[in-house]
Amino acid sequence: MSKPIIATTSLAGCFGCHMSILDIDDRILQLIELVEFNKSPIDDIKTFTKQCDIGIIEGGCCNSENVHVLKEFRKNCKILISLGECAIMGGLPAMRNGIPVKECLEEAYWGGPTVGLNTEKIMPNDPELPMILDKVYPCHEIVKIDYYLPGCAPRADLIWAAVVALVTGDELNIPYELVKFD
Amino acid sequence: MKEKISRIVENFGNDAARLMDILSEVQSEYGCVSCEAVSAIAENLHISEVDVIQTRSFYHFFTEEQVGKYAVYLNNSVVSCMNGMSDVADEFQKQLGVKFGQKTADGLVSLHYTACIGMSDQEPAAIINDVVFTSLTRNKVAKLVADMRAGKAVNDMVTEFGDGNNANPIVRSMVKNNIMKTGPVVLDAYEVGLGLSKALGMDSKAVIKEVLDSGLRGRGGAGFPTGMKWEFCSREAGDHYVMCNADEGEPGTFKDRVLLTERASMVFEGMAIGAYAIGAKEGVLYLRREYKYMKALLENVLTEMRSENLLGNNILGKGFNFDIRVQFGAGAYVCGEESALIESAEGKRGEPRNRPPFPAQKGYKGKPTIVNNVETFCAAARILDRGAAWHKAIGTPESSGTKVLSISGDCNAPGVYELPWGMSISEMLTMVGASDVQAVQVAGPSGICLPPAQFDRKIALEDLPTGGSMIVIGNKRDLLKDVVLNFMEFFADESCGSCVTCRSFNMILKNSIEKVVEGHGITKDIDDMSAWSEILRKTTRCGLGQTSSNPITTTIKNFRPLYDARVKNVEYQSDFDMSKAVVESCAVVGRSAEIHE
């Protein structure tokens, strides 16, 4: 039987959740025995080359490209997991929610302390640039999400336990310490 | 500015506990409480700026940005919307060329929405600089805008006056009482002082016993036995306080407004009786800011009562001292919760306290305090005059006396009705001339949405308890959109944000019902709303979060087909709309939003 295939991506996140994936340390050797990776920063495959079993999403959706990638993941993965605070709730990027987009962009490109060289007040508008959404959306408001792994970042042990349980079909036993944050 | 603010602060004895009054005066004077004003207030009160800011930011009648010279607060509650609020709002926007939430370029007028202002029997209504304008129409709005442009004083913009004390030269308000039915306890003929003089002739314990025996229970809606509350409080040591909760913010309630207009002395007399019973020297009437137009009337009644020796020192020659001050809120529904009300009266954010200790043990200024509803104090005054047995004989065995109801919505005769407890909803509907009724919202948004099949139920604390709000919803209404969504928007706005679940779930529930109303809902959304409502109910500190999901849960229970007709039975459906989501950012750079589908 072929190995289950995993894809991962970081949308509006900080890559901290991916760092946490790497924090499984030497278990990564066991992981590649268990699964195959497809589209993911881990192997740098940029586009889906086949249907996957598990898609792991870090980050919420703050721009049109995030939405596009997320929908691609839904199409190409049987199971989608929201990994971490930003994917689940929008996280830190969602702090702009409630502030008009215009104000955010003007602060970022015109008014901020590090943009003194932009004296002509240029607003980036290359056709290749994705558009910022009216607010940052958690993934489950855009597509169906099957599982949620909380944390900022979720602990490596939690990610390991969840992925192994999914792949092996064993019961998931998560000690309370792995999902409590106070 | 600095000197002026020093004077304002000095007028309130440089007392940080009077911050609400100080902010209120500064707001009226400058149309805002600016950063500069905050610094000056903080300096004079010797508190930090953050302490001032946190109170200012809590109440929606205090603003950091300057409001217009005329600040229009239009009520967008359910009944206002039923009676044509959107036309009125549209006319304001058209006439002034600005949207709600904005101010005209010349700074003359700003437009704001506000929650129920206690005028549900004469909506749509708006408050402009503390003056109330009722039964608005497009024509009336055009006239108001013309008057504002002409620089007319707000009081001069009122051309007709209401009945009773509304027409009193010191009030001159167009608000109508609409007293449709009087009852024996509160709205019957009344002579000030009879109850108090009898009380002062009795031992304070005997007064409490009288109230206990009368079966009087709190008229704010919770129905806690009044005598028991007084008894608990009287047992505590030290200074005691009496507070009257006149913050009626439950959408659809307006009876306290009428009682304070026509029975203010009865309310104050009841407070004095309560004070004598528990041993208090000071009382506070906490009045919602929306009723500021009554200020002169209430102050006048207090002055009269002092001159008749019914308040002040050595009342009626019995050696009892008690006086009352009026404390205004500044627009926050949650302040109707008694511990939040106390916090607010102390000049702080109106965030409910953890209980216990209850206010009867540790209330205003940390001292034992009774907090009772306006109507409860009225009833207490009458009970001391006519006796416990007389009161006990009215109503039902578990709910003695009468209830003053505020009835509004789709009926011929909205207004105030004082009825003995125990009347059925269908009898009530006949009385107010309501036919073709889809539902009755009993006890406001935090109560229940009652279907016709249950109209034989009784208005009584043991069956359908209510603080007085009764909204009749006709068959032509879209119950989920016009009522449930409006209520959830209200709760999402009014949650104080202190409890995480209340802060977030009210918003989430509002978004979910919106998703259903807009046709994007699925069956799972209904199940989710039920489950989340249960979590919200169990995990919040005060009554707001414990009841704010009721519009959803009671309609899911009683009007399930309305939901089923609107949702799809699919596994997942998003209401995300890319072209809408990028409208703003595309506008900033001048791109078309179409290409991002």
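The values are calculated or read from the model by the stated rules, or taken from the named source; none is laboratory data. Treat the numbers as computed from the prediction; the structure is a model and nothing was measured. For neighbour counting, all protein chains shown are included, and Cβ atoms are generated from backbone atoms with ideal geometry for every residue, glycine included. Accessible surface is based on the protein model in full, side chains and every heavy atom, while ligands, DNA and RNA are left aside. Shrake-Rupley method; radii C 1.70, N 1.55, O 1.52, S 1.80 Å.
Checking the condition outside the structural domain of B:Gly249 (by TED's automatic domain parsing) and assigned to a helix (DSSP H, G or I), which residue from B:Ile47, B:Ile41 passes?
Numbers: B:Ile47 fails: assigned to a helix (DSSP H, G or I).
Unique residue meeting the criteria: B:Ile41.
Residues being among the hydrophobic types (A, V, I, L, M, F, W, C), part of a loop (DSSP other than H, G, I, E, B) and open to solvent by 10 Å² or more (accessible area, probe 1.4 Å): count how many of those fall in segment B:217-260. Working first, answer last.
Quick first cut of segment B:217-260, residues among the hydrophobic types (A, V, I, L, M, F, W, C) only: B:222, B:224, B:228, B:230, B:232-233, B:237, B:242-244, B:246, B:254, B:258-260.
Going one step further and asking which of them are part of a loop (DSSP other than H, G, I, E, B), we end up with B:222, B:224, B:237, B:254.
From the residues that got through so far, the ones that are open to solvent by 10 Å² or more (accessible area, probe 1.4 Å) too are B:222, B:224, B:237.
Count: 3.
With (1) of a type outside the set (Phe, Trp, Tyr); (2) part of a helix (DSSP H, G or I); (3) in contact with a Leu (Cβ under 6 Å, 6 or more places away or on another chain) as the list, and B:Gly274 as the residue in question, which single condition is left unmet?
(3)
Among B:Gly13, B:Gly68, which is loosely packed, with under 15 Cβ neighbours inside 10 Å and outside any helix (DSSP H, G or I)?
Numbers: B:Gly68 fails: loosely packed, with under 15 Cβ neighbours inside 10 Å.
Of the residues listed, the single one that is loosely packed, with under 15 Cβ neighbours inside 10 Å and outside any helix (DSSP H, G or I) is B:Gly13.
Can you give me the number of residues within segment B:526-549 that are under 25 Å from A:Ile145 (Cα atoms) and open to solvent by less than 20 Å² (accessible area, probe 1.4 Å)?
Quick first cut of segment B:526-549, residues under 25 Å from A:Ile145 (Cα atoms) only: B:526-536.
Those still in the list that are open to solvent by less than 20 Å² (accessible area, probe 1.4 Å) too: B:526, B:529, B:533, B:536.
Adding up the residues that qualify gives 4.
For residues that are facing another protein chain (nearest Cβ under 10 Å) and of a type in the set (A, V, I, L, M, F, W, C), tally how many sit in segment A:93-112.
Residues in segment A:93-112 being facing another protein chain (nearest Cβ under 10 Å) and of a type in the set (A, V, I, L, M, F, W, C): 3 in total.
Residues of segment B:388-443 being part of a helix (DSSP H, G or I) and surrounded by fewer than 24 Cβ atoms within 10 Å (Cβ to Cβ), which ones?
Residues satisfying the conditions are B:Ala388, B:Ala389, B:Trp390, B:Lys392, B:Ile425, B:Ser426, B:Glu427, B:Met428, B:Leu429, B:Thr430, B:Met431, B:Val432.
State all residues of segment A:17-38 that are part of a helix (DSSP H, G or I), open to solvent by less than 20 Å² (accessible area, probe 1.4 Å) and not polar (S, T, N, Q); if no residue qualifies, say none. Before you say what the answer is, go through the steps one by one.
Residues of segment A:17-38 that are part of a helix (DSSP H, G or I), as a first pass: A:17-22, A:27-34.
Add one more test, that the residue is open to solvent by less than 20 Å² (accessible area, probe 1.4 Å), and what stays is A:17-18, A:20-21, A:31.
The answer is A:Cys17, A:His18, A:Ile21, A:Leu31.
Taking B:Val371, is it assigned to a strand (DSSP E or B), outside the structural domain of B:Arg219 (by TED's automatic domain parsing) and under 22 Å from B:Ala264 (Cα atoms)? Step through it out loud before you land on a result.
Numbers: assigned to a strand (DSSP E or B): yes; outside the structural domain of B:Arg219 (by TED's automatic domain parsing): no; under 22 Å from B:Ala264 (Cα atoms): yes.
The answer is no for B:Val371.
Please indicate, with yes or no, whether at least one residue in segment B:348-367 is open to solvent by less than 10 Å² (accessible area, probe 1.4 Å), of a type in the set (A, V, I, L, M, F, W, C) and closer than 22 Å to B:Ala280 by Cβ.
Checking segment B:348-367: not a single residue is open to solvent by less than 10 Å² (accessible area, probe 1.4 Å), of a type in the set (A, V, I, L, M, F, W, C) and closer than 22 Å to B:Ala280 by Cβ.
Of the conditions (1) in contact with a helix residue (DSSP H, G or I) (Cβ under 7 Å, 6 or more places away or on another chain); (2) part of a loop (DSSP other than H, G, I, E, B); (3) open to solvent by less than 10 Å² (accessible area, probe 1.4 Å), B:Tyr59 clears all except one; give me its number.
Every condition holds for B:Tyr59 apart from (1).
Starting from segment A:134-147, take each residue that is more than 9 Å from chain B (Cβ to nearest Cβ) and list its partners that are β-branched (Val, Ile, Thr) and part of a loop (DSSP other than H, G, I, E, B), counting only C-beta distances under 8 angstrom and pairs at least six apart or across chains.
Final answer for the pair search is A:Cys139/A:Ile145.
Any residue in segment B:578-592 that's at the interface with another protein chain (Cβ under 7 Å from one of its Cβ atoms): show its pairings with residues that are open to solvent by 40 Å² or more (accessible area, probe 1.4 Å) at Cβ separation under 6 Å, as long as the two are six or more apart or on different chains.
B:Met578/B:Glu597; B:Ala581/A:Asp134; B:Glu584/A:Asp134; B:Ser585/A:Ile132; B:Val588/A:Lys102; B:Val589/A:Asn125
Which number in (1) away from chain B (no Cβ under 14 Å); (2) closer than 25 Å to A:Val67 by Cα; (3) small (Gly, Ala, Ser) marks the one condition that A:Gly169 misses?
All conditions are met except number (2).
What is the residue count in segment B:168-180 for residues that are of a type in the set (A, V, I, L, M, F, W, C) and open to solvent by 50 Å² or more (accessible area, probe 1.4 Å)? Can you show your working first?
Keep residues of segment B:168-180 that are of a type in the set (A, V, I, L, M, F, W, C), which gives B:170-171, B:174-175, B:179-180.
In the following step, the residues that additionally are open to solvent by 50 Å² or more (accessible area, probe 1.4 Å) were identified as B:170, B:179-180.
Number of matching residues: 3.
Is it fair to say B:Glu282 is modelled with pLDDT of 95 or more and within 27 Å of B:Leu200 (Cα to Cα)? Quick ask: steps written out before the conclusion?
Working: modelled with pLDDT of 95 or more: yes; within 27 Å of B:Leu200 (Cα to Cα): yes.
Judged against the criteria, B:Glu282 is a match.
Can you tell me how many residues within segment B:550-597 are in contact with a Lys or Arg (Cβ under 6 Å, 6 or more places away or on another chain) and buried (at least 19 other Cβ atoms within 10 Å of the Cβ)?
Just the residues of segment B:550-597 that are in contact with a Lys or Arg (Cβ under 6 Å, 6 or more places away or on another chain), to begin with: B:572, B:575, B:588.
From the residues that got through so far, the ones that are buried (at least 19 other Cβ atoms within 10 Å of the Cβ) too are B:588.
The qualifying residues number 1.
Give segment A:38-88 a look and list any residue that's over 10 Å from the mean Cα position of the chain (by Cα) and of a type in the set (S, T, N, Q), or say none.
Selection gives A:Asn38, A:Ser40, A:Thr47, A:Thr49, A:Gln51, A:Asn63, A:Ser64, A:Asn76.
When you go through B:Val301, B:Val284 one by one, which is the residue that is closer than 28 Å to B:Asn75 by Cβ, in a helix (DSSP H, G or I) and among the β-branched types (Val, Ile, Thr)? If you could, list the steps in order and put the result at the bottom.
Working: B:Val284 fails: in a helix (DSSP H, G or I).
Answer to the check: B:Val301.
Could you list, in sequence order, all residues of segment B:55-102 that are of a type in the set (S, T, N, Q) and either within 23 Å of B:Arg503 (Cα to Cα) or under 19 Å from the mean Cα position of the chain (by Cα) (or both)?
Quick first cut of segment B:55-102, residues of a type in the set (S, T, N, Q) only: B:55, B:57, B:63, B:66, B:75-77, B:80, B:83, B:86, B:93, B:95, B:102.
Across segment B:55-102, the qualifying residues are B:Thr55, B:Ser57, B:Thr63, B:Asn75, B:Asn76, B:Ser77, B:Ser80.
Being open to solvent by 10 Å² or more (accessible area, probe 1.4 Å), of a type in the set (A, V, I, L, M, F, W, C) and not in a strand (DSSP E or B) is the filter here, so list the residues in segment B:315-332 that pass it.
Correct list: B:Leu316, B:Ala332.
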